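The values are calculated or read from the model by the stated rules, or taken from the named source; none is laboratory data. All figures in this text were calculated on a predicted structure; none of them were measured in a lab. Backbone-built Cβ (ideal geometry, glycine too); neighbour counts: all protein chains shown.
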Amino acid sequence: MRDIELYQILLGLTSPWKVTSVDVHPDPKLREITVRVEYPRGELLQCPECEQVCSGYDHKTRRWRHLNTMQFKTLIEGEVPRIECKEHGVKSIGVPWAEDKNRYTALFEAYTVDVLLAVRSKVQAEQLTALSWDQVDLIMDRAVARGMARREIEKLQYVGIDEKNFGKGHNYASILHDLNGHRVLEVVQDRTLEAANKLFLRVPEKQLKQVAAIAMDMWPAYMTAAGTHISQADIVHDKFHCVKELGKAVDNVRKKEHRELKAENHGESVLNKTKFLWLRNPKNWSESQRERFDELKIDALQVGRAWSIAQAFNGFWDYHYAGSAEKFFNRWYFWATHSRLMPIIEAAKTLKRHLPGLLTYGKHRITNAVAEGMNSKIQMIKSNARGYRNFEKYRTAILFHCGRLDLYPLVSR
């Protein structure tokens, strides 16, 4: 079989497209093959927009990067006819091996997408594809734009909104998650009311009307935006953020008591090196931590009482009916607010203000656990890239790896 016939088969070309020559670069060190193709003159030409038969305008020489032939970089080169359409003007006809206005064949772009999904960073993708950073970045941008344009959001029942640190300092991104679909729907910069509104506006209204409940922390901007854009949905305050709120209160009690004990006992305190003992779930204690806890007479310690109050609140999440859950909360609230432990009192009052969003947990049983798991993946993406200075690149990377999008060119299938 001749090389021309071989590449005709490898490229999957059908009439009228045909391979006319296959040339190896004269410099063997370059390891480069150029496959020349043509669309014979006199063949029928159609407008790529309206598919009407049109007269030819001219031919434009174009080149595309293709998959390597063994260790040789392979390029496709050809004169692409341009037509003059009465309605759409001068247009290049489509080619079967690449998307419009693309310098890479669909198969090569699909391969690069696979590489990006498999490796830890764009730098590694550069090495495997022999592309520059900008070229790899362009392919990722195109893949995400393609996936977002094709995305269908059906049966969007439960969503979650969460924040993720972006850059240094108090610089945040707000992320909307599809909890059932285990995917990121959209990412915007900041966590203001304006940012939260923008987040919802990027999801079709038809799909937002299907949402039954949204999991979130107690951030006012998120609550206000949810009330505006998905007013039919119940707000469910995330279980893990409530636990975090109480954990922070327990730690504040510990810090104050630790300082007092050190002052009274000439620098000695039974609370030395016990911070994570109070913050960690008892189910996850090591044997040495359990022994250390048993040594402490927690009833005599302020932090011991604070810890007991915080632990007791865990029973709230076992209730399925709002009435029973509210009775439990009222009993717990009385205990917490009469504890004379100011951090615990403040935390209890915070939970009281958001009680409607806590009671809806029994109805929907959703949390932002999916979002927290996704945040770990996002943090890995960020770390592998050594951080992001440009927010749009950060958003693109998140949607590429966490959006469950259809990233591939159609003609590569």
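Conditions: (1) touching a residue at least 40 places away in the same chain (Cβ under 8 Å); (2) out of contact with any Phe, Trp or Tyr (no Cβ under 9 Å at 6 or more places or on another chain); (3) of a type in the set (K, R). R259 meets all but one. Number of the miss?
(1)
Given the options W64, W97, name the one that is touching a helix residue (DSSP H, G or I) at 6+ places or on another chain (Cβ under 7 Å) and either aromatic (F, W, Y) or on the phi > 0 side of the Ramachandran plot (or both). Working first, answer last.
Details: W64 fails: touching a helix residue (DSSP H, G or I) at 6+ places or on another chain (Cβ under 7 Å).
Answer to the selection: W97.
Take V203 and decide whether it is in a loop (DSSP other than H, G, I, E, B), at pLDDT 95 or above and under 19 Å from S231 (Cβ atoms).
Details: in a loop (DSSP other than H, G, I, E, B): yes; at pLDDT 95 or above: no; under 19 Å from S231 (Cβ atoms): yes.
When the stated conditions are applied, V203 does not pass them.
Restricting the search to region 96-134, which residues are free of Cβ contacts under 8 Å to residues at least 24 places away in the same chain, more than 19 Å from I381 (Cα to Cα) and touching an Asp or Glu at 6+ places or on another chain (Cβ under 8 Å)?
Selection gives S132 alone.
Select, from Y222, Y172, the only residue that is without any contact (Cβ under 8 Å) to a residue 40 or more places away in the chain, among the hydroxyl-bearing types (S, T, Y) and under 16 Å from A371 (Cα atoms). Spell out the reasoning first.
Details: Y222 fails: without any contact (Cβ under 8 Å) to a residue 40 or more places away in the chain.
Unique residue meeting the criteria: Y172.
Among the numbered criteria (1) surrounded by 18 or more Cβ atoms within 10 Å (Cβ to Cβ); (2) at pLDDT below 95; (3) aromatic (F, W, Y), which single criterion is violated by F329?
(2)
Is it true that E87 is in a strand (DSSP E or B), in contact (Cβ under 8 Å) with a residue 12 or more places away in the chain and not aliphatic (A, V, I, L, M)? Spell out how you get there, then give the answer.
Numbers: in a strand (DSSP E or B): no; in contact (Cβ under 8 Å) with a residue 12 or more places away in the chain: yes; not aliphatic (A, V, I, L, M): yes.
It is false that E87 is in a strand (DSSP E or B), in contact (Cβ under 8 Å) with a residue 12 or more places away in the chain and not aliphatic (A, V, I, L, M).
Among residues belonging to region 355-413 that are aliphatic (A, V, I, L, M) and outside any helix (DSSP H, G or I), point out the one that is nearest to the chain's Cα centre (by Cα).
In this case the residue turns out to be L405.
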